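Step one of this worksheet: look at the structure below.
Rule-based calculations on the coordinates, nothing more; no lab input. Please read all numbers here as calculations on a predicted model, not as lab measurements. Here the Cβ positions follow ideal geometry from the backbone for every residue, glycine too, while neighbour counts run over all protein chains shown.
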Amino acid sequence: MSANPLFSGFPDKNSLIDWYRNQAVDLIPDINGHIHTPYSFSAFSDISLAFQMARQEGISVLGINDFYTFDGYSEFSDLALEYKIFPLFNIEFMALQHQLQKDGIRVNDPGNPGRTYFSGKGLRFPVKMSTQSEQKIRTLQDESNRQTYQMVKKLNDFFAQNDIPISLNAEELHQQIAKQLFRERHIAQAVRMAVFDAAPSPDARKRLFNRIFSGNSIKSPESDLALIENEIRNNLLKAGRVTFVPEDPKAFLALSEVIDIIIDAGGIPCYPVLLDDINGNFTDFEKNWESLYNALVENDVWAVELIPNRNDFNVLKDFVSFFNEKNFIISFGSEHNTPQLDPLRVASRGDIPLDRDLRAINYEGAAVIAAHQYLVASGEQGYLKGRAAMFEKKEEFAELGKAVLAWFKKTDSK
């Protein structure tokens, strides 16, 4: 029997598929395979809010995708069982490709050459990995927190030097508004809260922000907290600003190390695609899709994910078609890694809905990941054999995963 409580009462693989083939064909479900939670940084005040919204919006599958941590998995699993929304257990890293950095090649971070966001999909739950992988993740967490603590110190020095009546305590903030990871976005949130506390009227807040921004006026409306916090980051915390602290090289792993950790933890390596920005620009690494495909395959990466609300619908459609023909796993999410609490239902830029083909591809991708989780939880072979994807069995995995999702949903307790 699987140690994963999600699969308690599930039949064996063959019986599950036989059962599924006798069911009526359902509509394509709405799926969001990539959200962040407060265990890294999130628009959600707590994980339960994400599940409440998912139920209201008719989301059937939800994927946790926090940076550097599995700490939210247990809570995510419990809420998934309560709300009968199938959970995908994912993780996200920031890797550094040193040669690309040296060559000035931007990957999927448009402002930092060589820096590479990278995800693992369908990790083992309960979490199990080698001691070496656990230590590498702890080191990443410690280095990330060390940098933000230093930023708070520089921020306090800046406030004191400019007679700005704000002082932040990194330890208290870490406990009050963060969990395992204390991130730059938490600092921006703390500054915004401190300004609102110190200056009770809108005019007083504008004047205080003017001093904090060294004479620059705040542009965001007072009602838009997410935009205000982004302005704080851009004026105070980003590279070249007064409180910026560069990341130590120890804060990054090589891409190969990240992939090793993901596989060790039972997951599927997955490249998060930035794709086009609002001006139609692409990063150096992503502008040629054939070259991108070759680079991914060279690293034994056979899955991609996108955050469609960043992308033009037609560009998204063309890109997904290209990689779908290459037989990649493709999944979509909303990220929710800013203070902006947008809907969970995935749409392309401008809130243009995904068409049936895109939704079907997202469904297939989520189903393959669900099947992988189901098999790995029982100690069976998942979608990877060694480091390579089992292309020849992708359709079988998709069918099994759809059966997993249907069985999980069939006894809805809510």
- prompt: Hey, what's the per residue convex hull volume over the C-alpha atoms of the range 193-332, in cubic angstrom?
  reply: 174
query: log₁₀ I(q)/I(0) of the range 214-258 at q = 0.15, 0.20, 0.23, 0.24 Å⁻¹, via Debye over equal Cα point scatterers, no solvent, to two decimals?
result: -0.56, -0.73, -0.82, -0.85
- line: Taking a straight Cα-to-Cα line shorter than 20 Å from Lys102, and setting aside same-chain lysines fewer than 8 residues away, one finds Lys250, Lys287
- prompt: Roughly how tilted is helix 184-198, in degrees to the nearest 10 and between 0 and 90, from the longest Cα axis of the chain?
  reply: 50
- line: With x for Gly and Pro, the residue-by-residue ³J(HN,Hα) of the range 308-322, computed from phi through the Karplus equation 6.51 cos²θ - 1.76 cosθ + 1.60 at θ = phi - 60° and given in whole Hz, is x, 5, 8, 10, 5, 4, 5, 5, 4, 4, 5, 5, 5, 4, 4
statement: Kirkwood-based Rg/Rh on the Cα set of the chain evaluates to 0.98
Cut-off under 5 Å, modelled amide H: who pairs with Ile105 long-range: Gly114
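Quick check on my link table: of Lys153/Lys219; Lys326/Lys402; Lys128/Lys393; Lys121/Lys154, which ones sit more than 32 Å apart, alpha carbon to alpha carbon? Intermediate results must be reported in sequence, preceding the final value.
Values: Lys153/Lys219 26 Å; Lys326/Lys402 21 Å; Lys128/Lys393 26 Å; Lys121/Lys154 37 Å.
In this structure, Lys121/Lys154 lie more than 32 Å apart at Cα.
Using only the alpha carbons of the range 91-150, what is the convex hull's orientation-averaged projected area in square nanometres? Can you show the working numbers first?
On the way: hull surface 21.8 nm².
Its average projected convex-hull area is 5.5 nm².
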- prompt: What FRET efficiency do you get for Asp224 and Arg387 if R0 is 60 Å and r is their Cβ-Cβ distance, rounded to the nearest 0.05?
  reply: 0.85
Rg and Dmax [Cα atoms of the range 16-88; Å; Rg one decimal, Dmax integer]: 13.7, 42
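Evaluate the relative contact order of the chain (contact order divided by residue number), counting alpha-carbon pairs under 8 angstrom at least 6 apart; express in whole percent.
Details: 718 pairs, mean separation 93.4, N = 414.
Computed over the chain, the figure is 23 percent.
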task: Give the cross-link partners of Lys136 among the aspartates and glutamates, using a straight C-alpha distance below 13 Å as the criterion and excluding same-chain residues fewer than 8 apart.
output: Glu257, Asp260, Asp264
- prompt: What residue among Lys136, Lys393, Lys153 has the largest mean-square fluctuation in a Gaussian network model of the chain, using Cα springs under 10 Å?
  reply: Lys393
- line: When Val301, Val404 are arranged by how many other beta-carbons sit within 10 Å of their Cβ, fewest first, they go Val301, Val404
- prompt: Hey, fewest Cβ within 10 Å first, where do Trp302, Trp407, Trp19 land in order?
  reply: Trp19, Trp407, Trp302
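Return the equivalent ellipsoid semi-axes of the range 167-219 as a descending list in whole Å, where each equals the square root of 5 times an eigenvalue of the C-alpha gyration tensor.
Working: eigenvalues 115, 26, 14 Å².
After scaling each eigenvalue by five and taking roots: 24, 11, 8 Å.
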- prompt: Which FRET efficiency value, to the nearest 0.05, do you get for Glu75 and Glu172 by plugging their Cβ-Cβ distance into 1/(1 + (r/R0)^6) with R0 = 22 Å?
  reply: 0.40
- request: Considering only Thr37, Thr243, Thr116, give the residue with the highest GNM mean-square fluctuation for the chain, with springs between Cα atoms whenever their separation is below 10 Å.
  value: Thr243
query: Against the longest alpha carbon principal axis of the chain, how many degrees, from 0 to 90 and to the nearest 10, is the axis of helix 73-83 turned?
result: 60
query: For the range 136-237, what is the Kirkwood estimate of the hydrodynamic radius, computed as the reciprocal of the mean inverse distance between distinct Cα atoms, to one decimal in Å?
result: 14.1
query: Put a dot 7 Å past each Cα toward the Cβ at Gln56 and Ile28; how far apart are the dots in nm?
result: 2.6
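Fewest Cβ neighbours within 10 Å first, please rank His372, His36, His98 accordingly. Please report the intermediate quantities before stating the final value.
Details: His372 29, His36 24, His98 12.
By the 10 Å Cβ count, ascending, the order reads His98, His36, His372.
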- request: Note the angle between two axes, namely the Cα long axis of helix 131-161 and the longest principal axis of the Cα atoms of the chain, as a number of degrees from 0 to 90, rounded to the nearest 10.
  value: 20
